[in-house]
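**Student:** Below you'll find the structure I mean.
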Amino acid sequence: MTEISVRMIEALAEIAPEQWDSVANPEGAPFDPFLSWNFLQALEQSGCASEETGWGPRHLLAEDSHGKLVGVLPLYVKSHSYGEYVFDHAFADALHRAGGEYYPKLLTAVPFTPVTGRRILAGDPAIRRALIAAAKSVAGQWGVSGWNVLFANEAERVELAQNSVTERLDIQFVWENRGYGSYDDFLGDLASRKRKGLRKERQTAQDGLEIVQLTGSALSEEHWDVFFACYQDTGARKWGTPYLNREFFQLIHERLADRVLMVMARRDGQWIASALNFIGGDALYGRYWGCLEGHDSLHFELCYHQAVDYAIAHGLSRVEAGAQGHHKLARGYRPRAVGSSHFLTHEGLAAAVGRFLQRERHAVTAEIGALDADSPFRKDG
């Protein structure tokens, strides 16, 4: 194989979109909107992922001896752990009490996006190993606490573990399409009482409202303005200051409208709620929701039931509804393992974290089994 070299860039604007996308979303692989240049660069251009917000871009590019791009690794220098949806504050506290500093750290992730996918963006195993080795080397040379990889798929988590990057497990709830032709087909897989409950919930949510699904050219500035007001309201009530600004969503509208599904509710001609989804090659990804006016069960309808409707109608294999939310279980979303991977440069911390994560993995696996046993699906299979 030809010699591989790895270099670093400090902004995605330094590389052409078609170059990045040739390895981030290669031909033949299901499209991942969150790995696209258009999405990641919009985060940088809007200032959402920047040095000022604690997300300093330091992406790694792997090139062959002819200078051809053959792999990339999204990489950020983090000065905090916000916007990650993987909670490592206990690691930071332990290292601080031992006299060390946890921040800055290196992070491979899609900022503010707890969605499982590819993270080491190269097909050739040798190139992947080179990118992993380069990230670990940078962590050591820069004297940071380590390198963390968030929401890599299972195959990559195994690969990283084989390269001394320890796996951590968590749970998300995923709706899986078993070849349903309609929402009623899906309901037919549920226990009778659960089936009736969801029908009643949908009737309650839709009562007196007009609910629409919008994508591509059907989306207007008005829709985005309403969505952003909803997003800010939810963010203010849950987290304080939302991570994303209006400029980011404007760039998404300009670049990725065909990959956006906006589900909106209107009462008496006025928009009152909105949910934003991204459309992947084989999945629908629920991201943000908010309402300007309360309505019983509307959150469940816009975020979960409408997403299932869309996935069935368009032959998508699953709906990933984001982090947390045990209430998703009753709506046919099943518990599935997701994970992160951690390479820590402090030997003592690495050993302690390794022991903790081993126990945690057993507990998470047991919880997935218990939750799945309590799912609304018929027990007769």
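**Student:** If you go through the range 82-91 one residue at a time, how many are open to solvent by 10 Å² or more (accessible area, probe 1.4 Å) and in a loop (DSSP other than H, G, I, E, B)?
**Tutor:** Number of matching residues: 4.
**Student:** Filter the range 49-69 down to residues that are touching a helix residue (DSSP H, G or I) at 6+ places or on another chain (Cβ under 7 Å) and surrounded by fewer than 20 Cβ atoms within 10 Å (Cβ to Cβ), then give me how many there are.
**Tutor:** 2
**Student:** Within the bounds of the range 266-280, is there any residue that is in contact with a Phe, Trp or Tyr (Cβ under 7 Å, 6 or more places away or on another chain), buried (at least 20 other Cβ atoms within 10 Å of the Cβ) and in contact (Cβ under 8 Å) with a residue 60 or more places away in the chain?
**Tutor:** yes
**Student:** Next up: Pairs only if they're at least six apart or on different chains, beta carbon under 9 angstrom, first in the range 349-372 and within 16 Å of residue 326 (Cα to Cα), second loosely packed, with under 11 Cβ neighbours inside 10 Å; list them, first residue then second.
**Tutor:** From the range 349-372, no pairs qualify.
**Student:** I'm told residue 34 meets every condition in (1) within 19 Å of residue 122 (Cα to Cα); (2) at pLDDT below 95 except one. Can you identify the failing condition by its number?
**Tutor:** (2)
**Student:** Moving on to the next point. Taking residue 232, is it out of contact with any His (no Cβ under 7 Å at 6 or more places or on another chain) and at pLDDT below 95?
**Tutor:** When the stated conditions are applied, residue 232 passes them.
**Student:** Can you pull out every residue in the range 328-381 that is within 23 Å of residue 158 (Cβ to Cβ), open to solvent by 60 Å² or more (accessible area, probe 1.4 Å) and touching a Ser or Thr at 6+ places or on another chain (Cβ under 9 Å)?
**Tutor:** Those that are within 23 Å of residue 158 (Cβ to Cβ), open to solvent by 60 Å² or more (accessible area, probe 1.4 Å) and touching a Ser or Thr at 6+ places or on another chain (Cβ under 9 Å): 336, 358.
**Student:** So, one more: Consider the range 188-219. How many of its residues are of a type outside the set (A, V, I, L, M) and either open to solvent by less than 60 Å² (accessible area, probe 1.4 Å) or within 15 Å of residue 273 (Cα to Cα) (or both)?
**Tutor:** Residues that pass the stated criteria total 15.
**Student:** Are any residues in the range 151-187 part of a strand (DSSP E or B) and open to solvent by 10 Å² or more (accessible area, probe 1.4 Å), and if so, which ones? So that I can check it myself, show each step before the final result.
**Tutor:** Here is the first cut: in the range 151-187, the ones part of a strand (DSSP E or B) are 152, 166-176.
Answer for the range 151-187, where residues must be part of a strand (DSSP E or B) and open to solvent by 10 Å² or more (accessible area, probe 1.4 Å): 166, 167, 168, 169, 170, 171, 174, 176.
**Student:** Looking at the range 196-218, is at least one residue on the phi > 0 side of the Ramachandran plot and touching a His at 6+ places or on another chain (Cβ under 9 Å)?
**Tutor:** Taking every residue of the range 196-218 in turn, at least one turns out to be on the phi > 0 side of the Ramachandran plot and touching a His at 6+ places or on another chain (Cβ under 9 Å).
**Student:** Whether any residue in the range 24-37 is touching a residue at least 12 places away in the same chain (Cβ under 8 Å), assigned to a loop (DSSP other than H, G, I, E, B) and crowded, with 21+ Cβ neighbours inside 10 Å is what I want to check.
**Tutor:** Looking through the range 24-37, at least one residue is touching a residue at least 12 places away in the same chain (Cβ under 8 Å), assigned to a loop (DSSP other than H, G, I, E, B) and crowded, with 21+ Cβ neighbours inside 10 Å.
**Student:** Taking residue 18 and the conditions (1) in contact with a Leu (Cβ under 7 Å, 6 or more places away or on another chain); (2) part of a helix (DSSP H, G or I), which numbered condition does it fall short on, given that it satisfies the others?
**Tutor:** For residue 18, the failing item is (1).
Residues checked against (1) open to solvent by 30 Å² or more (accessible area, probe 1.4 Å); (2) among the polar types (S, T, N, Q); (3) under 30 Å from residue 306 (Cα atoms); (4) touching a residue at least 60 places away in the same chain (Cβ under 8 Å):
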site: 73; (1), (2), (3), (4): no, no, no, yes
site: 93; (1), (2), (3), (4): yes, no, no, no
site: 100; (1), (2), (3), (4): no, no, no, yes
site: 114; (1), (2), (3), (4): no, no, yes, yes
site: 133; (1), (2), (3), (4): yes, no, no, no
site: 144; (1), (2), (3), (4): no, no, no, yes
site: 149; (1), (2), (3), (4): no, no, no, yes
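The values are calculated or read from the model by the stated rules, or taken from the named source; none is laboratory data. None of these values were measured; they are calculated from a predicted model. Glycine also receives a Cβ, built like all others from the backbone with ideal geometry; neighbour counts cover every protein chain displayed. Please note that ligands, DNA and RNA were not included when accessible areas were found on the heavy atoms of the full protein model with its side chains. Shrake-Rupley method; radii C 1.70, N 1.55, O 1.52, S 1.80 Å.
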